[in-house]
Amino acid sequence: MDEEYDVIVLGTGLTECVLSGLLSVEGKKVLHIDRQDYYGGESASLNLQQLYEKFKPGKEVDASLGRSRDYCVDLIPKFLMANGELTNILVHTNVTRYVEFKQIDGSFVFRYGKPSKVPATEYEAVTSSLIGLFEKRRLKNFLQWVANYKEDDVATHKGLKLDIDTTDAVYNKFGLEEGTKNFIGHAMALYDNDEYLQQPAREAVERVVLYCQSVARYGKSPYLYPLYGLGELPQGFSRLSAIYGGTFMLSTKVEQVLYDEAGVFQGVKLSLDGEEHVVKAPQVIADPTYFPEKVSSSEKVIRTISIVDQLPLKNGETSAQIILTGKETGRKNDIYIALIGSEHKVAPQGKNIAIVSSIIEGDKPPHIQLESAFKLLGIKAFDRTFMGLSDLFAPIEDGSKDNVYISKSYDATSHFESVTEDVKDIYFRVTGKPLKLTKLEEGEFNAQA
Ligand SMILES: *[C@@H]1O[C@H](CO)[C@@H](O)[C@H](O)[C@H]1NC(C)=O
């Protein structure tokens, strides 16, 4: 091992691995360290044995669940938007060669006591059971407007100004009802509360466009998911980094972080086989757990992982996202349910993984806060459910003073758009230039149906 690098990266979560890969490809000399003996940190996928050790320590694994190694269970459930930025990064870096993807069968929103498909095309809008006859026309007009909107063509704007008019004003222009606004904002634009309604409409419209374009790409839903779980993603990017000369050290503890008198990062002290070792670099990228003194937390996310025999879906879907909006459940924040199973090779035949997540509100115990989701899933006892609470950490400073660049925790959203925002933001701060991605061409990215 050398003594000097261009960048030291601590933690092998997805954000860190993507950055490690991108910087290695550019010729930077990267040293990548993790204290754990596996890749992925919070974005790892665990087998059944590991799942029990983490969440039910000392408890014997339920033998009726099948073989431990047939499970790859995510700690943080997220799906890829087919047309989203992570897909672009995967294509840009060729990491698509190491990971295989499969579509998610459905995108649902809970209404009138059951999950209903989220209509994303004009055809689906007019046939949807979610809304009444007259509302169908209005939704169709809205989706048509979104699809045809062109920034440089005023004729397509319908007199709306996306940087000034609020999203609510845009909805009102099309005469949309509250219930319709609710599923557009929460199940298509994927906001998990209603604050966006009073903000300028541009971001919401862009999110709806991303949703519709992602659905248009493969048809069933806007979402993709890797075979064998999300843990495949950090591993794929680590492999990219290693191909371009990155050095990886797992099971390695950072004994001390070294700073100069002004508090600027200098390097780390490691202990290897009982010997102290100093490695230097002008910059460090790390997940929040490596610098607890430099991060703060405002919210907590609850995530529960359940192994279930049956899915609450009517048309043979084997995977889906179901959103229970705050309006439906009397909460401020939405509840997300991610359903995946043997088709995506994360559970044995006949078993499925249901991951429920939301932002914690107040101090009622988690199983009460997520009651409506458990009811929908038919879960009454919790012997096959694993519960975890995690803080959402964010760096206090941007790293310009101390050269310590810290990623954000993976939030409660059900897709990777906020993770890739963080990747691009850190990339800009570390290199001083924006990340340029080659544009996704039709047919460059394939996912199984
Ligand atoms: C991806 O593959 C293409 C074609 O083989 C190659 O030109 C390009 O350099 C590769 N990109 C990376 C980041 O390895």
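Values in this text are rule-based calculations from the coordinates and carry no lab data. This is a predicted model, so every value here is computed, not measured. Neighbour counts are summed over all protein chains in view; Cβ atoms, including those assigned to glycine, are modelled from backbone coordinates with ideal geometry.
Here are a few things to note about the model shown:
- Here L22, L250, L313 are placed in order of increasing Cβ neighbour count within 10 Å, fewest first, which gives L250, L313, L22.
- For the chain, adding -39500 (n - 2.57) for each run of n ≥ 4 DSSP H residues and dividing by the number of residues yields -8000 deg cm²/dmol at 222 nm.
- Loop-located GluC sites (Glu not before Pro) in the range 38-104 (DSSP state other than H, G, I, E, B) with a sparse environment of at most 12 neighbouring Cβ atoms within 10 Å: E60.
- Enclosed volume per residue, in Å³, of the convex hull spanned by Cα atoms of the range 284-379: 140 Å³
- Distances between placed amide hydrogens fall under 5 Å for V9 paired with L31, H32, I33, I285, all partners being 5 or more residues away or on another chain.
- Based on C-alpha pairs under 8 angstrom that are at least 6 apart in sequence, the chain has a relative contact order of 24 percent.
- Rounded to the nearest Hz, the phi-derived 3J(HN,Hα) couplings of the range 308-324 under the Karplus curve 6.51 cos²θ - 1.76 cosθ + 1.60 (θ = phi - 60°) are 10, 7, 10, 9, x, 10, 8, 10, x, 5, 9, 7, 5, 10, 10, 10, 9, where x marks glycine and proline.
- For N47, the amide hydrogen comes within under 5 Å of the amide hydrogens of V73, counting only partners 5 or more places away or on other chains and with H modelled in the peptide plane.
- Under the simplified labelling scheme, the K253-S342 pair shows an inter-label distance of 4.3 nm, with each label point 7 Å from Cα along Cα→Cβ.
- Extended-chain gain in nm, criterion 0.36 nm per residue less alpha-carbon gap, N94 and D398: 106.5 nm
- Share, in percent, of DSSP beta bridges within the chain that are antiparallel, nearest 5: 70 percent
- Ordering of 142-154, 282-294, 382-394 by packing [mean C-beta count within 10 Å, highest first]: 282-294, 382-394, 142-154
- Cα gyration tensor shape of the range 322-449, rounded if a/c is under 1.5, else prolate or oblate by comparing a/b with b/c: oblate
- Calculated over the chain, the projected area of the Cα convex hull averaged across directions stands at 22.9 nm².
- Cleavage-rule hits (chymotrypsin sites (Phe, Trp or Tyr not before Pro)) in the range 204-269: DSSP loop, at most 11 neighbouring Cβ within 10 angstrom: none
- If R0 is 45 Å, the Cβ-Cβ spacing of A242 and R137 corresponds to a FRET efficiency of close to 0.25.
- The ranking of S296, S241 by Cβ neighbour count inside 10 Å, starting from the fewest, reads S296, S241.
- Kirkwood hydrodynamic radius over Cα pairs of the range 119-220, then Stokes diffusion coefficient at 20 °C and 1.002 mPa s, in µm²/s: 157 µm²/s
- Across K280/K433; K136/K314; K136/K220; K78/K150; K140/K327, pairs whose alpha-carbon gap is larger than 28 Å: K78/K150
- For E299, the residues whose amide H sits under 5 Å from its own are L392, ignoring neighbours fewer than 5 places away on the same chain, with H placed 1.01 Å from N.
- Nitroxide proxy distance, nm - points 7 Å out along Cα→Cβ at Q213 and E177: 3.1 nm
- Sorted fewest first by neighbouring Cβ atoms within 10 angstrom, D402, D163, D273 come out as D273, D163, D402.
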